[in-house]
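Bear in mind that the values in this text are calculations on the coordinates, not laboratory data. The structure presented is a predicted model; accordingly, all values stated were derived computationally and were not measured. No Cβ is skipped: glycine too gets one built from the backbone with ideal geometry, and neighbour counts run over all protein chains shown.
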Amino acid sequence: MKTAVITGANRGIGLALAERLSQQGYRIIGVCRHSSDELNAIAEQVIENIDVTSAEAVTQLQQALADTPIDLLINNAGLLEDNVLGSIDFDSIQRMMDVNAYAPLRVTEALVANLKPGSKVGMITSRMGSIADNTSGGRYGYRASKAALNAFGKSLAEDLKPKEIAVALLHPGYVQTRMVGFGGLIAPQEAADGLVARLDELTLENSGSFWHSNGERLPW
């Protein structure tokens, strides 16, 4: 049985991914700060009290998974806060960099020893991290953090390719989650279906690519 580790798995896109992958026969390990009844019903293992921005907590995660081979690692935990020119909160930008960019790199590096030839890493990013696609401005911290995540993911793809581990940068779409006040265009389940399809298609040949969950290739 294949094992999937998902951060931020207790709700939203992370929970929908856990549900979808469980249906595909994966053993689910959910990582979160606080679990939910829905995640507890799906996951074979839940590792709680993990703040992915904390080096100490990620070390605890590494220790908890020390003997667990990982077939699929999905870095999903994220944070969205708004920043408007003229009243930019730089502490807010730092929080988003910590959660959206540094944490996925921190978690992936900590769990590299658990990955093996054929394993895959999914980074849940955003098309708002695309510089070429930015025609509306604003969202300074969110855009910058996701652009940084894209850069980290591309470097990971190159560094992990000799180990036969593939990495995808994946935009889920505008999803109806708490992060956006449930005002998105698609349900988490629809986003999860698309994300899982892209991960199924991920190979060493297309590793490091930036995809919309609907299959569209996104510009950097």
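In plain terms, the chain from GLN60 to ASN206 could stretch by 49.3 nm, reckoned as 0.36 nm per residue minus the Cα-Cα distance.
Could you work out how much longer the chain between ARG27 and GLN94 gets when fully extended? Use 0.36 nm per residue separation minus the Cα distance between them, nm to one decimal.
On the way: separation 67, 0.36 × 67 = 24.12 nm, distance 3.40 nm.
Using 0.36 nm per residue and subtracting the Cα-Cα distance, I get 20.7 nm.
So what's the net charge close to THR53: Lys and Arg +1, Asp and Glu -1, counting the other residues with Cβ under 15 Å from its Cβ?
On the way: positive: ARG33, ARG95, ARG106; negative: ASP51, GLU56, GLU81, ASP91, ASP98, GLU109.
Every neighbour counted, the sum reads -3.
The distance from the alpha carbon centre of the range 5-34 to that of the range 98-166 is 19 Å, rounded to a whole number.
After finding the eigenvalues of the alpha carbon gyration tensor for the chain, what semi-axes result from the square roots of 5 times each, listed largest first in whole Å? Please report the intermediate quantities before stating the final value.
Numbers: eigenvalues 122, 74, 64 Å².
After scaling each eigenvalue by five and taking roots: 25, 19, 18 Å.
Taking Cα centre as origin and charging only the Cβ of basic (Lys, Arg, +1) and acidic (Asp, Glu, -1) residues, the dipole magnitude of the range 3-212 rounds to 300 debye.
For the chain, calculate the relative contact order in percent as a whole number, restricting contacts to Cα pairs under 8 Å that are 6 or more residues apart. Write out the running numbers ahead of the final one.
Working: 469 pairs, mean separation 42.1, N = 220.
Once divided by the residue count of the chain, the mean separation gives 19 percent.
Potential lengthening of the chain between LYS163 and LEU85 amounts to 23.8 nm, from the contour at 0.36 nm per residue minus the alpha-carbon distance.
Fewest to most neighbouring Cβ within 10 Å: what's the order for VAL84, VAL112? Show your work: numbers first, answer last.
Working: VAL84 11, VAL112 17.
Ranking VAL84, VAL112 by Cβ neighbours within 10 Å, fewest first, gives VAL84, VAL112.
Antiparallel versus total DSSP beta bridges in the range 3-212: what percent is that, nearest 5?
0 percent
For the peptides 91-101, 1-11, the ranking by mean Cβ contacts within 10 Å, running from highest to lowest, is 1-11, 91-101.
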